[in-house]
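Step one of this worksheet: look at the structure below.
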Amino acid sequence: MENIKRIGVLTSGGDAPGMNAAIRAVVRAGIYHGFHVYGIRKGFEGLLEGDIHELNLRSVSDIMSRGGTFLQTSRSKAFNTPEGVERGYRMAKVFKLDALIVIGGDGSFRGARDLARVGLPMIGIPATIDNDIHCTDYTIGFDTALNTVKDSIDKIKDTAFSHERCSVVEVMGRDAGYIALYCAIADGAEACILPEKEFNIDEDIIKPILGCRNRGKHHYIVIIAEGVGGTLEIAEQIRQITGISTTTTILGHLQRGGSPTVRDRVAASLMGVKAVELLKNYEINKIVALKGNEYVAYDIEEALKMRKHIDENMIATSKMLSL
């Protein structure tokens with residue numbers, strides 16, 4: 001506490017519902033513990049530009065229910081160089097920031113680690129709808145994105161049933177298929193294609209669809225994570241091989257928006273408080289993580305080396321329940 005008096009907070013990379021709740025928690029917990037808290041607009045780009053403003057209790061009133069991030073976010077090419085990191089460090093010193101709290105994903109944490117290496121203490125809070133931060137079981141925004149996708153697929157199923165169609169739905173997940181897998185179970189998809197797994201269109205898509213048709217079903221859902229690629233081509237192959245009318249829906253950035261769910265608001269709030277408490281105890285250069293039901297922290301270098309794998313049992317369960 002003697003070493004840290006002024007904290008900067010920023011959101012970086014892709015936005016995620018619940019980021020505002022995390023910012024609010026950082027500001028209010030920070031002020032409660034005697035810190036001055038400064039908001040940095042537009043992520044690391046704003047740090048380079050000195051777009052830094054002190055926040056007070058009123059600054060974060062009525063933001064928790066809003067999606068996105070009121071501090072805004074960006075991906076900064078200028079920061080991703082040794083010169084950019086040094087410039088960011090110097091700008092932090094201009095504003096007399098003693099530590100930085102970074103809310104974002106893996107790329108954001110690598111930037112935070114680089115700042116820590118040149119001497120600026122940091123804490124990371126995992127926020128990404130993809131749930132692909134390896135050191136934590138859960139990331140802020142994941143639950144809201146799941147509910148957005150679930151609501152969309154429920155509506156798609158209504159029209160698919162009316163027209164006896166196969167609906168191919170592409171969801172976000174460049175390198176991780178968590179959204180696709182969870183929603184496949186939640187919406188009873190006939191097939192779910194993930195970037196982590198090789199797939200065979202005949203075995204993994206055509207066979208389940210035709211099996212369901214032959215048992216009397218008249219509409220079908222295929223969920224594909226965006227990292228798989230070729231969604232339109234896969235839909236066309238389904239149509240050609242089965243003769244079933246097939247449509248494609250790419251949900252895109254719809255999944256990033258919307259008022260965060262209770263789970264995301266609570267997780268973000270608890271992670272924000274945990275981040276401030278770590279700085280209060282001078283436990284620096286760590287990533288906050290949820291493990292089981294406990295909020296813990298990992299050294300940033302250790303956290304970035306961790307790997308987690310999609311649950312094979314969930315994949316098997318999705319296939320079993322699609323029969």
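Search the structure for amide H atoms under 5 Å from the amide H of I224, placed 1.01 Å from N in the peptide plane, and list their residues when 5 or more places away or on another chain.
Placed amide hydrogens put V169, E170, V171, I193 under 5 Å from I224.
How much length is gained if the chain between V262 and H309 is pulled fully straight, taking 0.36 nm per residue apart and subtracting their Cα-Cα distance, in nm to one decimal? Mind showing how you got there, number by number?
Details: separation 47, 0.36 × 47 = 16.92 nm, distance 2.60 nm.
Once the chain is fully extended between V262 and H309, it gains 14.3 nm.
Compute log10 of I(q)/I(0) for the range 230-314 with the Debye formula, placing one identical point scatterer on every Cα and leaving out solvent, at q = 0.10, 0.22, 0.24 Å⁻¹, to two decimals.
The computed values of log10 I(q)/I(0) come out as -0.52, -1.11, -1.16.
Using θ = phi - 60° and the Karplus curve 6.51 cos²θ - 1.76 cosθ + 1.60, what whole-Hz ³J(HN,Hα) does each residue of the range 60-77 get, with Gly and Pro shown as x?
10, 6, 6, 10, 5, 7, 8, x, x, 9, 6, 7, 6, 8, 6, 10, 9, 5
Over the chain, what is the relative contact order in whole percent, taking alpha-carbon pairs under 8 Å and six or more residues apart? Write down the numbers at each step before the final one.
Working: 706 pairs, mean separation 74.9, N = 323.
Averaging sequence separation for qualifying contacts and normalising by length gives 23 percent for the chain.
With N set to the residue count of the chain, report its C-alpha Rg divided by 2.2 N^0.38 Å to two decimal places. Show your work: numbers first, answer last.
Details: Rg = 21.7 Å, N = 323, 2.2 N^0.38 = 19.8 Å.
Output field value: 1.10.
Over the Cα atoms of the range 47-90, how large are the radius of gyration and the largest Cα-Cα distance (Dmax), in Å?
Spelled out, the Cα radius of gyration and Dmax of the range 47-90 are 13.9, 38 Å.
What FRET efficiency comes out for L321 versus Q237 if R0 is 22 angstrom and r is the Cβ-Cβ distance? Round to the nearest 0.05.
Details: r = 24 Å, r/R0 = 1.10.
About 0.35, to the nearest 0.05.
Tell me, what ³J(HN,Hα) does each residue in the range 274-285 have, in order and in whole Hz, if you take phi through Karplus 6.51 cos²θ - 1.76 cosθ + 1.60 with θ = phi - 60° and put x for Gly and Pro?
These are the phi-based 3J(HN,Hα) values: 4, 4, 5, 5, 4, 5, 4, 8, 6, 9, 9, 6 Hz.
Over the range 143-257, what relative contact order in percent results from Cα pairs under 8 Å that are six or more residues apart? Walk me through the numbers before you get to the answer.
Values: 198 pairs, mean separation 44.8, N = 115.
With pairs under 8 Å counted, the relative contact order is 39 percent.
If you wrap a convex hull around the Cα atoms of the range 1-121, how much volume per residue is inside, in Å³?
Details: hull volume 10.2 nm³, N = 121.
Hull volume over Cα atoms, normalised by residue count, gives 84 Å³.
So who's got an amide H within less than 5 Å of the one on E196, skipping anything under 5 residues away but keeping other chains? H placed 1.01 Å off N, in plane.
Sorted by chain and number, the residues that satisfy this are G177.
Take the Cα coordinates of the range 11-82, assign each an equal point scatterer, and use the Debye formula without solvent to give log10 I(q)/I(0) at q = 0.18, 0.20, 0.23, 0.27 Å⁻¹.
These q points yield log10 I(q)/I(0) values of -0.69, -0.83, -1.02, -1.21.
Report the Cα-based extents of the range 143-257 along its three principal axes, largest first, to the nearest Å.
Rounded to whole Å, the extents work out to 36, 30, 21 Å.
Using 0.36 nm times the number of residues separating R6 and E277, minus their current alpha carbon distance, what extension gain do you get? If you can, show how the numbers build up before the last one.
On the way: separation 271, 0.36 × 271 = 97.56 nm, distance 1.38 nm.
So the extension gain works out to 96.2 nm.
A short reminder: the numbers here are calculations on the coordinates, not readings from a lab. Everything quoted here is computed from the prediction, not taken from an experiment. Glycine also receives a Cβ, built like all others from the backbone with ideal geometry; neighbour counts cover every protein chain displayed.
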